[in-house]
Each structure stands twice: as C-alpha cells, then as structure tokens.
Amino acid sequence: MTSQSRVDHPPRIADWLLSLFALTGSDTIIGDLHEEFSLQLSKSGSATARRWYWRQTLKTVAHLVRISARTHPWLTAFAVLAGFLLRRILAPLIDPAMFALLERIQLFDRHFDAYRFLASTGIDLAHLVAFLMVGFVVAFVATEAEIVATTILAMIYAAMAIFASAYVVSKTVDTAMLWRLTWYFADSCAIVVAGVMVRSQRITHMSRPSNT
Amino acid sequence: MADRGYLGEFEHIILLALLRLEDRAYGVTVRQEIEQRTRREVSIGAVYATLDRLEAKGYVTSYLGDPTPERGGRSKRFFRVTANGLTAASRTHRAFQSMAEGLRFTRSFA
C-alpha cells in the first residue's frame, strides 16, 4: 500500500480499537465513521479528516467503556477482585519455584552467567507471565467486559507501583528503584494484553457464523 | 403496562432528529442533524449508545440497509420512531413547554 493511499484511508488502529471496545454493532459504527471520513477528506483534506476520525474514535471508545462498565458492574468488580486475589496467591510462589528450578538444573556451577540472568531477569519474566495468566483469568471471568476489567486491574497495579516506588525512593533516596517501574508497568501491560487477546478471539468467534 | 416515563435530554434530541429525518435516519445523518441544529459536537458513540437505549425501551426500531463501498462494504443501520417513542417525545415536549411557560429566557440568560 502506498503512503498516499494510506492517508486516504481511516487509521486502521482506530478501527481496531473500536472493534475491540464495541460489544456488538462495531461494523455499523465503523461504517458510519468511514462514510463521514470520506466527506471530511474531500472537504478539509487528509490531516483534518484523520484528526476528526481519531477524535470521534476516542470519544466513542470512552462511551463504550462507560456502557460496558454499566452493563456488567458486578461481574466486572468480581473479575477484578478474582484477578487481584489470584495474583496474591501466585506471587509468593514464583521466586521459590524459580530458585528450585535453578537448583535442580545446577546452573550455578555450570553456567554462572545464565544463572545470574535467570535469577534476576528470569524471575521478572516469570512474574510477567504470571500477570499475563491473571489477565487471561480476569478476561474469561468478565466475559464481554474483558477489556474494561483487565484495564481496571492494570491501572490498580500501576497506581500501586507508582505509590510504592515513590514511598521507597522518599525513604531511601535510592532512585534505582524508579527503574523497577518499567517492569511494574510491563506487568500491568501484560494484564491488558491478555484482555485484548481474549477479546480478539471472542470477536473472531462471534463473526464466524455471519460469514457462512 | 402504560409507560409514563420521560425522556432524557439527549434521548429527546435523538428522537426529534429521527422524526425530522424520517426514512433517512441512520448514524451519520442523525449525528450531522444534531450537530447542525444544536451546534455542539456529538460523537457517533454517544448517538449509538442512546439509540440502543431507546431501542431497548421500545421507542425506536432499527433495520439494516444495503452495504455501500464508501462504508467499506458495511451496512447502514436505519432507525424509526415507534408509536411509544412518539408518545414519549410528545409527553416530554409538553412537560418542557409547561415548565418553561411564562419564563422570560431572554432577560435571564441573554
């Protein structure tokens, strides 16, 4: 696709976002926005049309989030709580499990660099995978509100990480702690990624019967 | 069961737009009609959220039109006001008129 034809089309990421958040009828909404985008394009040019499209998309997504939270408030709250509790159960098991594994394969004596990597970054990666699993569970429990539920849980963890880091840095004056924030934010992102994956899978299943 | 509910402000505006547009009422035209007449920017998400709510209340019905190329092969969803919707719009309008009767808006808000 040429760059000219790309600017003449509505942003694909915006369409993807809309299809992700709309419980039903995303095709009609996207169709309406495409139609108006063509009008904006011929009237005001590509840049204005794309700005208009993004503004409409973000406002629409905000509406869809509100509707989703309002439609399933208890289920969303339950899914978030379940994810929070699951994470509390899993978290203390990860470090001992990783060290037991390293002990078992006796990496300390044979490949010290690999041991050092797995004992530090490896544990962080294991936590990331645990967050991804928590995200999957939350998304499955929340059914149609999977994006809202996983986003709420991710925001709770991100807020906790920011407050905890600020507290530790203010007490110890050790700014190295701030670098840990990148991992904590990655953990939060993993939850949302799981929600997006489950949602995409659900959209594929929902659209399948209409194609036949 | 007799429905004695009143419409919310935006629900009322949407129903009036549908009545104006008659058989041309779908997302794009409804949004544009409201923007032109009220001079406020409305998102397509707000329009559909309200239309879905009105449909659940039985005030509007919808049906899908034919797919068109400028919409990327997607169908238009047309809306029509039901008899209950017309009654609700009329009741809400009368309530507004009754509440506004005798008030001098030009002096108070100009």
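The values are calculated or read from the model by the stated rules, or taken from the named source; none is laboratory data. Because the structure is a prediction, the values reported are computed rather than measured. So basically every Cβ, Gly included, is an ideal-geometry build from the backbone, and we count neighbours across all protein chains shown.
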**Study point:** Single residue of segment A:69-119 satisfying the filter (touching a residue at least 24 places away in the same chain (Cβ under 8 Å) and hydroxyl-bearing (Ser, Thr, Tyr)) that is nearest to A:MET133 (Cα to Cα)
**Key:** A:THR76
Check your understanding: Taking the stated definitions as given, is A:ALA91 on the phi < 0 side of the Ramachandran plot and under 18 Å from the mean Cα position of the chain (by Cα)?
Key -> no
Review point. Only one of these conditions is not met by B:GLU9: (1) over 27 Å from A:LEU39 (Cα atoms); (2) modelled with pLDDT of 90 or more; (3) in contact with a helix residue (DSSP H, G or I) (Cβ under 8 Å, 6 or more places away or on another chain); (4) away from chain A (no Cβ under 14 Å). Which number is it?
Key: (3)
Review point. Has segment A:134-154 got at least one residue that is more than 26 Å from A:ALA22 (Cβ to Cβ), in contact (Cβ under 8 Å) with a residue 24 or more places away in the chain and either surrounded by fewer than 18 Cβ atoms within 10 Å (Cβ to Cβ) or out of contact with any strand residue (DSSP E or B) (no Cβ under 9 Å at 6 or more places or on another chain) (or both)?
Key: no
Practice item. Go through segment B:54-110 and give me each residue that's in a loop (DSSP other than H, G, I, E, B) and either at positive phi or among the β-branched types (Val, Ile, Thr) (or both). Key: B:GLY58, B:GLY72, B:GLY73, B:THR82, B:GLY102
Exercise for review: Using the structure shown, decide if A:ALA14 is under 30 Å from B:TYR63 (Cα atoms), buried (at least 19 other Cβ atoms within 10 Å of the Cβ) and more than 11 Å from every other protein chain (Cβ to nearest Cβ).
Suggested key: yes
Exercise for review: Sort out which residues of segment A:55-70 are more than 9 Å from chain B (Cβ to nearest Cβ) and in contact with a helix residue (DSSP H, G or I) (Cβ under 7 Å, 6 or more places away or on another chain), and write them in order of number.
Suggested key: A:VAL65, A:SER68, A:ALA69
Review point. Yes or no: A:THR24 hydroxyl-bearing (Ser, Thr, Tyr), closer than 29 Å to A:HIS205 by Cα and not in a helix (DSSP H, G or I)?
Key: yes
Point to revise | A:ALA100 modelled with pLDDT of 90 or more, more than 28 Å from the chain's Cα centre (by Cα) and part of a helix (DSSP H, G or I) | key: no
Study note, to complete from the structure: Note on segment A:161-182: residues without any contact (Cβ under 8 Å) to a residue 12 or more places away in the chain and aliphatic (A, V, I, L, M) are A:ALA164, A:ALA166, A:VAL168, A:VAL169, A:VAL173, A:ALA176
Review point. Is segment B:99-107 home to any residue that is surrounded by 12 or more Cβ atoms within 10 Å (Cβ to Cβ) and either small (Gly, Ala, Ser) or under 12 Å from the mean Cα position of the chain (by Cα) (or both)?
Key: no
Exercise for review: For segment A:169-190, name all the residues that are over 21 Å from A:THR121 (Cα atoms) and in a helix (DSSP H, G or I).
Suggested key: A:VAL169, A:SER170, A:LYS171, A:THR172
Practice item. Identify the residue in segment A:18-54 that is at the interface with chain B (Cβ under 7 Å from one of its Cβ atoms) and among the charged types (D, E, K, R) and, among all such residues, is surrounded by the most Cβ atoms within 10 Å (Cβ to Cβ). Key: A:ASP32
Exercise for review: Give B:THR92, B:THR68, B:THR82, B:THR61 a once-over and let me know the one that is surrounded by 15 or more Cβ atoms within 10 Å (Cβ to Cβ) and either in contact with a Ser or Thr (Cβ under 7 Å, 6 or more places away or on another chain) or facing chain A (nearest Cβ under 10 Å) (or both).
Suggested key: B:THR82
Study note, to complete from the structure: Considering residues that are part of a helix (DSSP H, G or I) and either crowded, with 20+ Cβ neighbours inside 10 Å or among the acidic types (Asp, Glu) (or both), the number found within segment B:24-45 is 9
